[in-house]
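Data first, discussion second: the structure below is written as structure tokens.
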Amino acid sequence: MRDSRFNVVIIGGGIVGLGVGLAITRRFPALRLVVLEKEDWVARHQSGHNSGVIHSGVYYKPGSLKARLCVAGAAAMVKFCREHGIPHEVCGKVIVAAESEELARLEQLRQRGEANGLTGLRLIGPEELREIEPHVRGIKALFVPSTGIADYAAVCRKYAEIIAARGGTLLTSAVVTGIRRIGAEITVETSRGEFATTSLINCAGLFSDRVARMAGDDPDVLIVPFRGEYYGLVPERASLVRSLIYPVPDPRFPFLGVHFTRRINGKIDAGPNAVLALAREGYRHRDINLRDLSQSLAFAGFWRMASRHWRNAVGEFRRSLSKPLFVRALQRLVPEVREQDLIAGGSGVRAQALKRDGALVDDFHFVPSGKVLHVLNVPSPAATASLAIGETIVETAARALDLA
Ligand SMILES: Cc1cc2nc3c(=O)[nH]c(=O)nc-3n(C[C@H](O)[C@H](O)[C@H](O)COP(=O)(O)OP(=O)(O)OC[C@H]3O[C@@H](n4cnc5c(N)ncnc54)[C@H](O)[C@@H]3O)c2cc1C
């Protein structure tokens with residue numbers, strides 16, 4: 001593969017990079033395309049370590065990319081799964097107000113969802129809530145019928161299979177180490193040789209800001225890793241949860257609060273929390289990467305974020321170390337759940353872009369630079385939205401990247 005020439009190089013074999021590859025190979029089948037992935041297979045990071053929820057689009061600001069691409073992407077995801085025999089289910093979910101102070105925010109969510117074009121949203125009282133989820137305690141809830149669950153690792157495998165069937169190349173164990181841009185020619189240096197291309201799309205997830213810097217661009221954001229830790233309900237207590245049970249989220253943060261999720265394999269997960277990780281791929285407490293850490297500490301926005309949110313960060317950290325505190329958060333939704341019902345589960349690390357002013361980037365964030373496009377913020381619901389993200393990038397970037 002050394003010194004191969006391509007029309008398009010995509011860095012990152014997660015659901016976003018593969019979604020973009022899928023859209024490009026559909027629209028421009030004659031282009032030579034390669035997806036470069038540093039791991040030995042696709043979906044080894046965020047795309048294979050998430051909650052597996054097909055989000056409906058109820059949370060996001062009307063008109064934002066997240067809102068538009070989530071709603072369109074959810075419908076496309078359900079259709080894709082159905083067409084390709086990928087395990088999925090549209091099971092609906094409840095967002096539960098446990099206290100009266102949360103009622104106004106619940107109503108705002110309903111209005112947001114309707115503004116985003118969702119149908120069938122219903123505010124329900126405690127009796128109807130108990131009919132849907134018999135073990136939940138709440139004074140009111142928002143029922144969202146279009147939310148679903150899917151196996152996103154299987155979705156990624158299918159995206160990769162289709163890209164290959166259309167003539168695209170997926171090269172795994174190919175770590176991108178450098179990018180040179182001379183005139184119209186872009187050379188991507190990897191652990192498996194160099195690749196020449198005329199256009200480049202950076203979908204490197206937790207490393208997308210670093211890849212942008214490799215390409216000579218200033219991304220103006222820092223990717224901050226937030227670990228999400230899960231517990232699993234023991235099988236004998238799985239009946240406490242029928243499908244998806246969420247709290248009313250705190251609007252100051254882009255995370256949804258610990259919740260219960262039924263997986264497509266029938267297991268029930270509780271979580272994820274949102275703990276600042278000390279390494280970009282820091283799946284465990286003891287994972288510390290000095291380069292990642294020092295880069296965060298050297299970024300002015302990091303200290304601004306810390307001064308604004310330190311109280312919440314400490315709370316998340318304590319809850320991460322203390323099972324009783326984690327259980328207490330879950331008992332706000334399902335009072336019957338007890339410490340012995342939960343066993344340690346997996347974790348995932350979210351790539352969240354942070355601005356210099358200390359604000360967490362809320363919307364999806366794509367930054368063009370000549371014939372290079374950097375995908376710099378695609379947190380949840382980007383797995384749901386991956387097909388729509390791919391189509392949007394192809395629409396908007398086809399001319400700029402010279403794909404047409
Ligand atoms: C805990 C958690 C729960 C979530 N729950 C949901 C959910 O229920 N529903 C939903 O829609 N979304 C959810 N998300 C969000 C969703 O998983 C992500 O938005 C999505 O997976 C992002 O995809 P990606 O392709 O950008 O990133 P990734 O999957 O991280 O892919 C990026 C890829 O780039 C590769 N890469 C990085 N650097 C290099 C390099 N130098 N050279 C070559 N390759 C490189 C990495 O190895 C990686 O495979 C969740 C995320 C987490 C972490």
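Structure values in brief
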item	result
Selection from segment 388-404 of residues that are open to solvent by less than 30 Å² (accessible area, probe 1.4 Å) and of a type in the set (A, V, I, L, M)	Ala388, Ile389, Ile393, Val394, Ala397, Ala398, Leu401, Leu403
Output for segment 159-185, where each listed residue is in contact with a helix residue (DSSP H, G or I) (Cβ under 7 Å, 6 or more places away or on another chain) and either of a type in the set (Ser, Thr, Tyr) or open to solvent by less than 40 Å² (accessible area, probe 1.4 Å) (or both)	Tyr159, Ala160, Ile162, Ile163, Gly168, Val176, Gly178, Ile179
Residue match in segment 122-137 (condition: of a type in the set (Lys, Arg), more than 23 Å from the chain's Cα centre (by Cα) and under 23 Å from Phe80 (Cα atoms))	no
Qualifying positions in segment 139-173 - more than 22 Å from the chain's Cα centre (by Cα) and in a strand (DSSP E or B)	Lys140, Ala141, Leu142, Phe143, Thr169, Leu171
Given (1) open to solvent by less than 10 Å² (accessible area, probe 1.4 Å); (2) aliphatic (A, V, I, L, M); (3) more than 18 Å from the chain's Cα centre (by Cα); (4) more than 10 Å from the ligand (Cβ to nearest atom), number of the condition Val188 does not satisfy	(4)
Residue list for segment 283-305, filter: free of Cβ contacts under 8 Å to residues at least 24 places away in the same chain and open to solvent by 30 Å² or more (accessible area, probe 1.4 Å)	Arg286, Ile288, Asn289, Leu290, Arg291, Leu293, Ser294, Leu297, Ala298
Residue match in segment 88-100 (condition: part of a helix (DSSP H, G or I) and either acidic (Asp, Glu) or open to solvent by 10 Å² or more (accessible area, probe 1.4 Å) (or both))	yes
Elements of type helices (runs of 4 or more DSSP H) contained in segment 299-404, each with 1 or more residues being closer than 30 Å to Pro29 by Cβ	382-397
Conditions (1) open to solvent by 30 Å² or more (accessible area, probe 1.4 Å); (2) modelled with pLDDT of 95 or more; (3) basic (Lys, Arg); number of the one not met by Arg280	(1)
Residue list for segment 12-69, filter: near the ligand (Cβ under 6 Å from one of its atoms), open to solvent by 40 Å² or more (accessible area, probe 1.4 Å) and of a type in the set (Asp, Glu)	Glu39
Members of segment 195-242 that are within 27 Å of Glu99 (Cα to Cα), open to solvent by less than 10 Å² (accessible area, probe 1.4 Å) and in contact with a helix residue (DSSP H, G or I) (Cβ under 8 Å, 6 or more places away or on another chain)	Leu240
Sole residue being free of Cβ contacts under 8 Å to residues at least 40 places away in the same chain and surrounded by 15 or more Cβ atoms within 10 Å (Cβ to Cβ), chosen from Leu129, Leu103	Leu129
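The values are calculated or read from the model by the stated rules, or taken from the named source; none is laboratory data. Computed from a predicted structure; not experimentally measured. Virtual Cβ from ideal backbone geometry, glycine too; neighbours counted across all protein chains shown. Keep in mind that these areas ignore ligands, DNA and RNA; they rest on the heavy atoms of the full protein, side chains included. Shrake-Rupley method; radii C 1.70, N 1.55, O 1.52, S 1.80 Å.
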